[in-house]
Structures are given as structure tokens and as C-alpha cells.
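Quick notes on the structure that follows.
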Amino acid sequence: MKGLSIVVPCYNEEKSVVKTIEDLTSTISKLRINFEIIAVDDHSSDKSLELLQDCKGPLSIISNDIQLGYGGALKRGIAKAKHDAVLIIDADGTYSCDSIPQLIQTFEKEGLDMVVGSRTKKDSQISRSRKFGKWFIVKLATYLSGRHIPDLNSGLRIMKKEVIDKFIHILPNGFSFTTTITLAMLTNNHFVKYIPIDYLKRTGRSKIRPFKDTSNFFLLVARTIMYFDPLKIFLPLSAVLFFVGLILILIRIFVRPMLISTTIITFVAGFMILSLGLLADLIDKRTK
Ligand code: UDP
Ligand code: MG
């Protein structure tokens with residue numbers, strides 16, 4: 001590996017940010033690779049920024065004048081990264097640095113575009129309310145992308161900078177950053193691998209709001225797939241309408257002559273959705 005840029009977004013993590021930076025520095029130093037750590041303070045109102053400024057080692061600090069959000073902080077850090085490989089990790093102490101060497105090794109050896117630490121080990125500390133929402137979203141994402149996704153939005157991952165740059169225009173400022181990059185890579189046939197890791201209990205409070213963020217994630221999954229693979233959404237929709245239309249015709253022929261306008265509307269709607277899907281697909285292919 002020529003070099004590694006590590007980006008750490010931080011918003012009010014005074015309890016854990018220093019330890020995160022120290023652990024990162026000691027873990028990566030042992031690997032003898034050229035690296036930099038970029039901490040992005042996302043306008044914290046606690047002592048995070050001062051604590052970061054006192055840290056030693058190959059650390060540069062970006063300080064946001066306003067709170068941009070998780071994705072916004074990451075994007076600022078990534079824009080400044082000088083190496084081809086970018087590793088992201090939370091500043092809240094939930095991801096242990098112990099798994100990083102394995103992540104780097106896999107990324108390097110297999111020439112992948114992204115290696116994700118998936119929080120699927122038995123005793124990973126993910127709360128119940130979150131697991132429930134997650135289950136649905138992951139199922140939807142798996143169906144729509146046609147790929148197995150053990151963890152959609154893990155915050156520990158290593159990626160090729162050039163691939164992030166390719167998708168930078170659709171990457172959001174909020175928590176959906178990781179979901180979006182996962183879906184973008186999978187639907188565009190980039191090489192992604194998952195490695196099981198531990199997920200520890202958080203020190204401070206999580207900034208995610210389980211219900212609001214779950215519904216937003218739902219919309220996000222549908223929109224991202226629409227963006228890269230619109231037929232995945234339009235085809236099943238029009239198929240359902242054609243199928244209902246067919247049943248209505250059969251009822252008309254074999255049971256009794258009724259529902260003529262409903263039948264026509266259903267067929268026309270099916271046809272229009274199919275045309276829209278083909279048009280969306282055409283636009284997608286032309287702009288690539
Ligand atoms: N974070 C940020 N800006 C925000 C919210 C969060 O920089 O507006 C940071 C936060 O300090 C943490 C990371 O982004 O290091 C992920 O946030 P959090 O741990 O709250 O999310 P979770 O891991 O619970 O999904
Ligand atoms: Mg976290």
C-alpha cells in the first residue's frame with residue numbers, strides 16, 4: 001500500500017476522541033505504512049476540538065464552522081486526503097482498531113474497491129430498536145441491489161479514493177452517507193468485501209434518531225437504486241399492474257362482463273410505468 005488516509009468525523013465526542021486517535025496511531029504505526037489521520041471536528045460544543053488540538057502524531061484537524069452532519073464531515077476530510085486509500089472510523093469508540101490490520105490486508109491483497117467491517121460478530125452491541133428497522137432496510141437493499149449485504153451502514157470501512165470521488169455528487173451530508181456509498185458501489189459492480197468485526201458499546205450518546213432516520217433510510221434506498229438501476233423499481237411495478245389487468249380480463253370473460261374501465265386503466269398504467277422505466281434506464285445508460 002502506497003499510503004493510507006484515515007478520516008475521523010467527530011461531533012461532541014470528548015470522552016472517546018483522544019483514545020480513538022491514540023489507538024489509530026499505535027495500530028497503524030505497527031504496520032509500517034505511510035499514513036495520515038484527518039480529524040474533522042463537526043462544530044462540537046464540548047471540548048472535542050481542544051482535545052484534538054493537543055493530540056500528537058501525524059494528525060491534521062479540520063474544524064467545521066457549522067455542523068455539516070456525518071456525511072458532510074466525512075466529505076471534507078476525504079477531499080483533503082492525500083493517499084489513494086481512505087479509511088473511515090467513528091470517534092465514539094464503538095469500532096475497535098484491532099480489526100483494521102485485517103481490513104487493510106484484504107483491501108491490499110485482493111485489490112478491492114471497498115472493504116467493510118461488518119458488525120455481525122455474535123456479541124456486537126447493536127440496540128434492539130435499531131435492529132428491527134435495519135432488518136427491513138437491509139432486506140429491501142439486498143433485493144434491489146441483488147447482492148448479499150451483511151451490514152449496510154457500518155462506519156468502519158476502507159475505500160479507494162478514486163471510487164469515492166466518482167460518486168461524490170450523490171453522497172449526502174447526513175448519516176445516509178455509508179448506505180449510499182454501499183449501494184452505489186454494489187449497483188455499479190465495484191468489488192466489495194465484508195469482514196466481521198466487533199461493535200462495542202458507545203461512550204457518549206448516538207446522534208441517530210431511530211424512527212425518523214429509519215424512514216429516511218427507506219426512502220434513500222429506493223432513491224439510490226432509482227438512480228443507478230431504475231428498472232429494478234419500475235419493472236416489478238408494471239408487472240404487478242399487467243398481472244392485475246390480466247386477472248380482470250379473465251374475470252370479464254369467464255365470470256361476468258364488468259370492470260371494463262378498471263381493466264383498461266390498469267393496463268394503461270402498467271404500460272406507462274414500463275415506458276417510464278425504460279426511459280429512466282435510457283437516461284441512466286446515456287449519462288454513464
Ligand atoms: N458525527 C459528526 N457530525 C454529526 C453527527 C455525528 O461528525 O452531525 C460523528 C460522530 O461524532 C461519530 C460519527 O460521526 O464519530 C458517527 O456518529 P454516531 O456515532 O452518532 O452514529 P452511529 O455510529 O450511532 O450510527
Ligand atoms: Mg458511532
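The values are calculated or read from the model by the stated rules, or taken from the named source; none is laboratory data. Note that the structure is predicted; figures quoted are calculated from it, not measured. We place every Cβ from the backbone using ideal geometry, glycine too, and count neighbours over all the protein chains shown.
Restricting the search to helices (runs of 4 or more DSSP H) fully inside the range 1-110 and requiring at least 1 residues that are within 21 Å of residue 182 (Cα to Cα) and either touching a residue at least 60 places away in the same chain (Cβ under 8 Å) or away from ligand 1 (no atom under 12 Å from the Cβ) (or both) gives 70-80, 100-110. Based on what the data block shows, is residue 118 surrounded by fewer than 18 Cβ atoms within 10 Å (Cβ to Cβ) and within 16 Å of ligand 2 (Cβ to nearest atom)? Considered against the rule, which asks whether it is surrounded by fewer than 18 Cβ atoms within 10 Å (Cβ to Cβ) and within 16 Å of ligand 2 (Cβ to nearest atom), residue 118 comes out as no.
The single condition from (1) assigned to a loop (DSSP other than H, G, I, E, B); (2) at pLDDT 90 or above that residue 158 fails is (1). Take residue 42 and tell me if it is surrounded by fewer than 23 Cβ atoms within 10 Å (Cβ to Cβ) and modelled with pLDDT of 95 or more. Judged against the criteria, residue 42 is not a match. I'm trying to understand the selection: among the residues of the range 108-143, which are of a type in the set (A, V, I, L, M) and either at pLDDT below 80 or more than 17 Å from the chain's Cα centre (by Cα) (or both)? Of everything in the range 108-143, just one residue is of a type in the set (A, V, I, L, M) and either at pLDDT below 80 or more than 17 Å from the chain's Cα centre (by Cα) (or both), namely 126. Sub-9 Å Cβ pairs linking a first residue in the range 180-195 that is of a type in the set (Phe, Trp, Tyr) to a second residue that is surrounded by 19 or more Cβ atoms within 10 Å (Cβ to Cβ) and not in a loop (DSSP other than H, G, I, E, B), at least 6 apart or interchain, are 191/114; 191/185; 194/115; 194/116; 194/117; 194/118, ordered by first then second residue. Of the residues 193, 201, which is within 16 Å of ligand 2 (Cβ to nearest atom) and either outside any helix (DSSP H, G or I) or under 29 Å from residue 162 (Cα atoms) (or both)? Exactly one residue qualifies, and that residue is 201. For the range 161-190, filtering for residues that are in a loop (DSSP other than H, G, I, E, B) and within 16 Å of ligand 1 (Cβ to nearest atom) leaves 6. Please go through the range 41-92 and give me each residue that is within 15 Å of ligand 2 (Cβ to nearest atom), in contact with a helix residue (DSSP H, G or I) (Cβ under 7 Å, 6 or more places away or on another chain) and hydroxyl-bearing (Ser, Thr, Tyr), ordered by number. Across the range 41-92, the qualifying residues are 48, 70.
Taken over the range 175-200, the criterion of being surrounded by 18 or more Cβ atoms within 10 Å (Cβ to Cβ) and at pLDDT below 90 is satisfied by 175, 176, 187, 199.
Can you name the residue in the range 66-86 that is of a type in the set (A, V, I, L, M) and over 14 Å from the mean Cα position of the chain (by Cα) and, of all such residues, is surrounded by the fewest Cβ atoms within 10 Å (Cβ to Cβ)?
Here the answer is 66.
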